Amino acid sequence: MKLTVSELIVEYMERLGIRHVFGMPGAHILPVYDALYDSDIQSVLVKHEQGASFMAGGYSRYSGGISACITTAGPGATNLVTGIANAYADRQPVLAITGETSTHIFGRGGLQESSGEGGSIDQIALFQGITRYNRIVERSDYLANVFNRASQILLAENPGPVLLSFPYNVQKEKVDAALLDDVITARPEQATDVECTRTGKVMDLLSEAKFPVIVAGYGCIRGGAQELLQQFSSALNIPVASSLKAKGVIDEGDALSLGSLGVSSSGQAYRYIVEQADLLLILGAGFNERTSYVWDKDLTDNKKIIQIDINPEQLQKVFQADVAIQGDIGEILQDLLQKIGADAAEQSFTRSSGLAMESLDSPGDYAVFQSGFSLVEKFFRELEKHFPEGAVVFDDNIIFAQNFFRVSSGNRYYPNAGISSLGHAIPAAIGAQFHRQSPCFAIIGDGGFQMCCMEIMTAVNYEKPLNILLFNNATMGLIRKNQHQQYRQRFIDCDFVNPDYRKLAESFGINYHRLETASDIEQLFSGSDLTGAINLIEMPLDKDKFPNYSSRR
């Protein structure tokens, strides 16, 4: 049987398990859209292509699976760049499909051409550094090879975004439908009995340590190892500090939780590690600038270090480890738990945690909050109380939640990590709601909000509930803070005038709430529909109040 290439693209996506594709049609991609008409894949019309790539990223982060976005040639593709770059930094399996002008006019100045010929935009060069694989498919005779290479990246243990661009005439070519039978579209079976040859050394170091600390990163969440991590921490009474992206990897209300480690955190985890720890077990954490306090040597000096990561590029990237193991974190933790055995309480490596929490309560050098944020803290406390599990939070702001929001093991917290691009939270949260509807919150400042607020209508159009907590201080808060701290209050291009958010919400046809008192917050959580409606929640803040942290640059 013969199919057009456009029909084959859609069937390929179906076989990958893709159920939604976020995007915007244009003339050069209409053959694929026409094939989507008869597909079970739901196409989601966004308001801007950047929103499409952010939605695909949010879908992938929440579902753990492959997501997709689709646009036309030229500006459609270039508008994807920021979201695809974010997916690349976060290693998300996002498949981007774009159109292209027909091959017979390459180099002749075709409308929206991005072939790189004749002085046109070179799309391959544009996406080279932000995708794991990208290709303009100029012929259909090697299509199976292209799809197989894309599958290898999307289905890998360490995935990333893939971009495939199809010229208009190639989309309309006929090919044999059996071509897909030679294409890998399912993750290969993984060996279940993995011999962890170096875990004996791990146990030796743990048994010698008096005050070990686990630093858990997003690799623990990506690998589905949260429960095993909790068991391991409890079995050996080892406290856990998380990276920002792994916040909530164990319940932050747990006695063994040190909370989030990072330059904009309260500093509790930092002080415990520096003052007491003699061993760090780093699990799936990249130890980047934010987590490491700009690679502060006090965190690693005079300590044994064990690092376990599925990504070999992360091993010993910024420090020397005593033991470095590349492998699946869940499988390795399972192996370690078997070595501990059922009688862990009688073995020499079982210890009291030594959590001298009273010494950690004093303010540290980081995230010292001036007065003025009590309402923010109150909001997150109510969020914890009313949604102890099942809530999903996408956060552009980061610093308030990092310090005020104790993430339970039943909730999911997704900070704007990646390339930390403003305007991420709202479209990412909308994308997540297409995977599974949950009580969902997008936390965002007024600067970022105005970069993406048009996507609220996407949520309205597809009836996806969403709660948007909007911090309104009429300024770019981080910029103003830095200009206050480092540039003698020479404020430039940080302040602006906001719209009337009540009227804006009315124009979208969504609910509006303004939080000015503690009772407003209590009323919001007790009397509002935060699970089935779309709510714009405005919280005014003083633009001259900021958390007093510094990155020690």
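The table that follows gives values for the structure above.
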| read-out | value |
| --- | --- |
| Only listed residue being surrounded by fewer than 17 Cβ atoms within 10 Å (Cβ to Cβ), at pLDDT below 85, at positive phi and more than 30 Å from the chain's Cα centre (by Cα), chosen from GLY372, GLY354 | GLY354 |
| Selection status of ASP529, within 27 Å of the chain's Cα centre (by Cα), assigned by TED's automatic domain parsing to the domain that holds LEU422 and not hydroxyl-bearing (Ser, Thr, Tyr) | yes |
| Filtered residues of the range 386-401 (kept if crowded, with 24+ Cβ neighbours inside 10 Å and either in the same structural domain as LYS245 (by TED's automatic domain parsing) or not hydrophobic (A, V, I, L, M, F, W, C) (or both)) | ASP395, ASP396 |
| Filtered residues of the range 50-72 (kept if farther than 14 Å from MET13 by Cα, assigned to a loop (DSSP other than H, G, I, E, B) and modelled with pLDDT of 95 or more) | THR72 |
| Those residues of the range 466-477 which are within 14 Å of PHE394 (Cβ to Cβ) and surrounded by fewer than 20 Cβ atoms within 10 Å (Cβ to Cβ), in sequence order | none |
| Hits in the range 434-471 (condition: of a type in the set (S, T, N, Q), closer than 25 Å to PHE405 by Cα and assigned to a helix (DSSP H, G or I)) | GLN450 |
| Enumeration of residues in the range 100-119 that are crowded, with 19+ Cβ neighbours inside 10 Å, under 35 Å from the mean Cα position of the chain (by Cα) and either part of a loop (DSSP other than H, G, I, E, B) or touching a residue at least 60 places away in the same chain (Cβ under 8 Å) (or both) | GLU100, THR101, GLN112, GLU113, SER114 |
| Selection from the range 417-444 of residues that are crowded, with 24+ Cβ neighbours inside 10 Å and either modelled with pLDDT under 95 or not assigned by TED's automatic domain parsing to the domain that holds ILE399 (or both) | GLY423 |
| Enumeration of residues in the range 74-90 that are crowded, with 22+ Cβ neighbours inside 10 Å and either assigned to a helix (DSSP H, G or I) or modelled with pLDDT of 95 or more (or both) | GLY76, ALA77, LEU80, GLY83, ILE84, ASN86, ALA87 |
| Close pairs (7 angstrom Cβ cut-off, 6 or more residues apart or separate chains): crowded, with 17+ Cβ neighbours inside 10 Å and modelled with pLDDT under 95 in the range 134-150, among the acidic types (Asp, Glu) and assigned to a loop (DSSP other than H, G, I, E, B) anywhere | SER140/GLU173 |
| Residue check for VAL274: β-branched (Val, Ile, Thr) and over 24 Å from ALA324 (Cα atoms) | no |
| So ILE9, is it assigned to a loop (DSSP other than H, G, I, E, B), of a type in the set (A, V, I, L, M) and modelled with pLDDT of 95 or more | no |
| Contacts under 6 angstrom Cβ, first residue in the range 477-494 being within 18 Å of LEU541 (Cβ to Cβ), partner part of a loop (DSSP other than H, G, I, E, B) and among the aromatic types (Phe, Trp, Tyr), 6 or more apart | LYS481/PHE546; GLN483/PHE491 |
| Count of residues meeting criterion [under 24 Å from TYR88 (Cβ atoms) and polar (S, T, N, Q)] in the range 400-426 | 4 |
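Every residue, every condition in (1) surrounded by 24 or more Cβ atoms within 10 Å (Cβ to Cβ); (2) part of a helix (DSSP H, G or I); (3) in contact (Cβ under 8 Å) with a residue 24 or more places away in the chain; (4) of a type in the set (Val, Ile, Thr), yes or no:
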site: ASP181; (1), (2), (3), (4): no, yes, no, no
site: ILE184; (1), (2), (3), (4): no, no, yes, yes
site: ARG187; (1), (2), (3), (4): no, no, yes, no
site: GLU227; (1), (2), (3), (4): no, yes, no, no
site: GLN230; (1), (2), (3), (4): no, yes, yes, no
site: ILE250; (1), (2), (3), (4): yes, no, yes, yes
site: GLY262; (1), (2), (3), (4): yes, no, yes, no
site: TYR272; (1), (2), (3), (4): no, yes, yes, no
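Yes/no per residue for (1) surrounded by 15 or more Cβ atoms within 10 Å (Cβ to Cβ); (2) under 28 Å from the mean Cα position of the chain (by Cα); (3) charged (D, E, K, R):
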residue: GLN486; (1), (2), (3): no, no, no
residue: PRO499; (1), (2), (3): no, no, no
residue: ALA505; (1), (2), (3): yes, yes, no
residue: ILE510; (1), (2), (3): yes, yes, no
residue: ASP520; (1), (2), (3): yes, no, yes
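The values are calculated or read from the model by the stated rules, or taken from the named source; none is laboratory data. Small disclaimer: the values here were computed from a predicted structure and weren't measured. Cβ atoms come from the backbone with ideal geometry, glycine included; neighbour counts cover every protein chain shown.
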